[in-house]
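*Asks:* The structure's right below; bear with me while I get my questions together.
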Amino acid sequence: MLHVLFVRYTAPLDQVTPHVPGHVAYLERWHADGTFLLSGQTVPDDLGGVILARGAREHVEEVAAGDPFAVAGVAAYEIVTVDPGRGHEQLRELITGGREGAPRPR
């Protein structure tokens, strides 16, 4: 499954800023793990960010709860799960993690 994670700041930016280094390390960890496929800042950047993740929703929820922003109470997550119906063939391996027999985007 794919999940779109909306990370919304719940505190002023001056309270968010001290947690940025921990948040960046958190992103790097889960990108390296393969759970996160994409992450980025919203435009304008005072809204928060967006992450595209793959895997079981329960796992993604646990990962989101461990974000230093969430732990510090300066951001909240909204997670929307997506069952891919159609997609570009080049995205298949990213979506499935290279698992043989995984559902193919329609």
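The values are calculated or read from the model by the stated rules, or taken from the named source; none is laboratory data. Given the structure is predicted, the values throughout are model-derived calculations rather than measurements. Here the Cβ positions follow ideal geometry from the backbone for every residue, glycine too, while neighbour counts run over all protein chains shown.
*Asks:* Are any of the residues in segment 15-31 among the polar types (S, T, N, Q), within 15 Å of ILE95 (Cα to Cα), in contact (Cβ under 8 Å) with a residue 24 or more places away in the chain and out of contact with any Ser or Thr (no Cβ under 6 Å at 6 or more places or on another chain)? Steps first, answer last, please.
*Replies:* So the first thing to find is which residues in segment 15-31 are among the polar types (S, T, N, Q), and the list is 15, 17.
Those left that are additionally within 15 Å of ILE95 (Cα to Cα): none.
No, segment 15-31 has no match at all.
*Asks:* Out of curiosity, is THR35 of a type in the set (S, T, N, Q) and either under 23 Å from THR96 (Cβ atoms) or within 11 Å of the chain's Cα centre (by Cα) (or both)?
*Replies:* Working: of a type in the set (S, T, N, Q): yes; either under 23 Å from THR96 (Cβ atoms) or within 11 Å of the chain's Cα centre (by Cα) (or both): yes.
Criteria met by THR35.
*Asks:* Can you tell me which residues in segment 1-37 are closer than 14 Å to ALA70 by Cβ and not in a helix (DSSP H, G or I)?
*Replies:* If the condition is that a residue be closer than 14 Å to ALA70 by Cβ and not in a helix (DSSP H, G or I), then LEU5, PHE6, VAL7, ARG8, TYR9, THR10, ALA11 are the ones that fit.
*Asks:* Would you mind finding the one in ASP46, ASP67 that is over 15 Å from ILE95 (Cα atoms) and exposed (fewer than 14 other Cβ atoms within 10 Å of the Cβ)?
*Replies:* Values: ASP67 fails: exposed (fewer than 14 other Cβ atoms within 10 Å of the Cβ).
Testing whether each residue is over 15 Å from ILE95 (Cα atoms) and exposed (fewer than 14 other Cβ atoms within 10 Å of the Cβ) leaves just ASP46.
*Asks:* Do we have any residue at all in segment 76-88 that's modelled with pLDDT under 75 and more than 27 Å from GLN41 (Cβ to Cβ)? Quick ask: steps written out before the conclusion?
*Replies:* Here is the first cut: in segment 76-88, the residues modelled with pLDDT under 75 are none.
Scanning segment 76-88 turns up no residue that is modelled with pLDDT under 75 and more than 27 Å from GLN41 (Cβ to Cβ).
*Asks:* Could you check, for segment 32-48, whether at least one of its residues is of a type in the set (D, E, K, R) and either modelled with pLDDT of 95 or more or more than 14 Å from PHE6 (Cα to Cα) (or both)?
*Replies:* Looking only at segment 32-48, we keep the residues that are of a type in the set (D, E, K, R), and these are 33, 45-46.
Within this subset, residues satisfying the condition of being either modelled with pLDDT of 95 or more or more than 14 Å from PHE6 (Cα to Cα) (or both) are 33.
The answer is yes, given that some residue of segment 32-48 is of a type in the set (D, E, K, R) and either modelled with pLDDT of 95 or more or more than 14 Å from PHE6 (Cα to Cα) (or both).
*Asks:* Could you check how many residues of segment 38-83 are part of a loop (DSSP other than H, G, I, E, B) and either within 18 Å of PRO18 (Cα to Cα) or within 16 Å of the chain's Cα centre (by Cα) (or both)?
*Replies:* Taking segment 38-83 first, the residues part of a loop (DSSP other than H, G, I, E, B) are 42-47, 55-56, 66-67, 73-74, 83.
Those left that are additionally either within 18 Å of PRO18 (Cα to Cα) or within 16 Å of the chain's Cα centre (by Cα) (or both): 42, 45-47, 55-56, 66-67, 73-74, 83.
Summing the residues that are part of a loop (DSSP other than H, G, I, E, B) and either within 18 Å of PRO18 (Cα to Cα) or within 16 Å of the chain's Cα centre (by Cα) (or both) in segment 38-83 gives 11.
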